[in-house]
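The values are calculated or read from the model by the stated rules, or taken from the named source; none is laboratory data. Remember, predicted model here, so these are calculated numbers, not experimental data. With ideal geometry, Cβ positions are generated from the backbone for all residues, glycine too; neighbour counts draw on all protein chains shown.
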Amino acid sequence: MAKGANGKLPVTHVDNRQRLIRLIHVAKRDLALDDDSYRAILQRIGKQASSSKLTIPQLSQVLEYMKQAGFKVRSKAGGRPLAKDCQSKMIRGIWLELAGMEVVRNASEEALATFVKRMAKVDTLQWLSTEQASLVIEHLKEWRQRVINARRAQLHKAMGLPVPTGIEVQAAQEEKMREVASAVLGHKTSVAEMTETDFQAVLAHFTKETMQ
């Protein structure tokens, strides 16, 4: 971004950046995201854990992602509010993680409501009982873990790593996979944080090496 004669960024650039950051903070509140889920989104899209460190294009991408998740920049009064209890926040957070991993194709609140209805036979998160919400949370956690385990197994095979026999060996292999994936993609990441597109790129890298 070109600076003015005084060495500072143009006011319009600064204003636009601040506006995007404000909207993202509003989206975090309206989507009832906890801090960990919020930072995971920033890290996945912008490779930073703070919105203040993102560029304007990255901020725009984060905001667009949150719009797809159900955030309305100018929401009308009287609309149905999002469920903001702890269990609903956890459900929404894991759902957005799965969307960020490109496992869930539609991150919107409507898609989440459809998923919940299919599982619990209720039309909205607000109507979930504590027991029903717990079942949804466990289902989403297990789904996420299955994806992570499948990715690890594929990378183990592609990298020629032995099956881990203990916690220390597993931790060492996880660190090795993180280092290699980060080198291939050009930014810090892990098996659990990668989008499906990035994961396939890493997998293809080792498949190509094996064939050579």
task = Among the residues of the range 123-157, write down those that are more than 25 Å from the chain's Cα centre (by Cα) and either among the hydrophobic types (A, V, I, L, M, F, W, C) or outside the structural domain of Leu96 (by the TED database) (or both).
result = Trp127
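When the residues of the range 145-192 are filtered to those that are assigned to a helix (DSSP H, G or I) and β-branched (Val, Ile, Thr), which remaining residue is surrounded by the fewest Cβ atoms within 10 Å (Cβ to Cβ)? Break it down stepwise before answering.
The initial filter retains those residues of the range 145-192 that are assigned to a helix (DSSP H, G or I), namely 145-159, 167-185.
So of that shortlist, the ones also β-branched (Val, Ile, Thr) come out as 147-148, 167, 169, 180, 184.
Details: Val147: 18, Ile148: 17, Ile167: 8, Val169: 13, Val180: 16, Val184: 16.
Top of the filtered list is Ile167.
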ask   = Does any residue of the range 119-130 turn out to be in contact with a helix residue (DSSP H, G or I) (Cβ under 7 Å, 6 or more places away or on another chain), at pLDDT 90 or above and among the charged types (D, E, K, R)?
value = no
query = Would you call Val136 touching a helix residue (DSSP H, G or I) at 6+ places or on another chain (Cβ under 6 Å), surrounded by 11 or more Cβ atoms within 10 Å (Cβ to Cβ) and either among the aromatic types (Phe, Trp, Tyr) or not in a loop (DSSP other than H, G, I, E, B) (or both)?
reply = yes
